[in-house]
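Please read the structure below before turning to the comments.
The values are calculated or read from the model by the stated rules, or taken from the named source; none is laboratory data. Bear in mind the structure is a predicted one, so any value in this text is a computation, not a measurement. No Cβ is skipped: glycine too gets one built from the backbone with ideal geometry, and neighbour counts run over all protein chains shown.
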Amino acid sequence: MPSHVITLRNGITMPTLGQGTWFMGESSSAKKDEVAALQKGIDLGMTLIDTAEMYASGGAEKVTGEAIAGRRDKVFLVSKVLPGNASRKGTIAAFERSLQRLKTDYLDLYLLHWRGGYPLDETFEAMERLLDAGKIRAYGVSNFDLDDMREASRYDNGHICVNQVLYNLASRGIEWDLLPWQKNHNIPVMAYSPLYQTRLLRSPELKQVAQELSITPAQLALAWLLHQGTVPIPKSSSVKRVEENRKAWDITLEQGVLDKLDAVFPPPDRKMPLDVL
């Protein structure tokens, strides 16, 4: 059975299965369901919640803030700074705006959403200030390929704890070089869009393998990511779907199943450009 927590390189622990919030906060009519789904996930132990200032221009952070009200101490909270805000001063200012929307006074993990025009040393200097002030417990990056990670490691004082990238059965390019490098450096991959924005769920082959195991295609796709040692963050506004996602933690995949999945969704045989959505 997969472990439910992973220890980051700075010693703090993070759940290995979380909840995403991309596309939340865009519709007031959906807010009630979004909040309920996030709260159900917290109740079930999926206490890692990933959001970003970009999502619905802060709307997803507001939804998250409502969902965690009164239970902040149970949540591992992640947000991200847009690259256009990631100067020394801009990172701090963006961070404070995120805190206001989330109605909290700290983040467990703060990420640079993707590389932009500001030098990495500027962004990481601001992250270090937040770390020293106790405003964040850890920081990291998102959408960084191997060359980016190698460059970042020259400026981060060994403090980058996570790289969040697109990773799922249909998008396995990072297995060629990025994933092994991160494992070697104890920097977990957080896998966004683990179901490829539901595209994976339409795969007849995935459905067939899942049916043979008496689980859902989503549970199979998430269990596979957990088996890879990564941290999937599926987004759902449905309490029922969140309950289904949670069961991925309890699934162990045998080698025969992994071989079937490799046959349908082959691993990379060469270096691939970093996949993004």
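Just a few scattered comments:
Condition check ((1) loosely packed, with under 15 Cβ neighbours inside 10 Å; (2) of a type outside the set (V, I, T); (3) more than 18 Å from the chain's Cα centre (by Cα); (4) at pLDDT 95 or above) across all residues:
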residue	(1), (2), (3), (4)
T7	yes, no, no, yes
G11	yes, yes, yes, yes
G18	no, yes, no, yes
T21	no, no, no, yes
S28	yes, yes, yes, no
K32	yes, yes, yes, yes
V35	no, no, yes, yes
M46	no, yes, no, yes
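- Residues of the range 78-118 satisfying the condition of being small (G, A, S) and farther than 18 Å from Y192 by Cα: G84, A86, S87, G90, A93, A94, S98, G116, G117
- Filter result for S87 (over 18 Å from the mean Cα position of the chain (by Cα), of a type in the set (G, A, S), within 30 Å of K183 (Cα to Cα) and surrounded by fewer than 22 Cβ atoms within 10 Å (Cβ to Cβ)): yes
- Residue selected from the range 144-157 under the condition part of a loop (DSSP other than H, G, I, E, B) and out of contact with any strand residue (DSSP E or B) (no Cβ under 6 Å at 6 or more places or on another chain), by the criterion farthest from T123 (Cα to Cα): D145
- Any chance D145 is surrounded by fewer than 23 Cβ atoms within 10 Å (Cβ to Cβ) and over 19 Å from R9 (Cα atoms): yes
- Given (1) touching a residue at least 60 places away in the same chain (Cβ under 8 Å); (2) charged (D, E, K, R); (3) surrounded by fewer than 18 Cβ atoms within 10 Å (Cβ to Cβ), number of the condition K183 does not satisfy: (1)
- So V75, is it among the aliphatic types (A, V, I, L, M), over 19 Å from M190 (Cβ atoms) and at pLDDT 95 or above: no
- Just one residue in the set Y110, Y139, Y118 is aromatic (F, W, Y), crowded, with 18+ Cβ neighbours inside 10 Å and more than 20 Å from the chain's Cα centre (by Cα); that residue is Y118.
- Against the list (1) surrounded by 19 or more Cβ atoms within 10 Å (Cβ to Cβ); (2) among the small types (G, A, S); (3) over 28 Å from A60 (Cβ atoms), the condition A221 fails is (3).
- Some residue of the range 65-83 being buried (at least 24 other Cβ atoms within 10 Å of the Cβ), out of contact with any Leu (no Cβ under 7 Å at 6 or more places or on another chain) and closer than 25 Å to L277 by Cα: no
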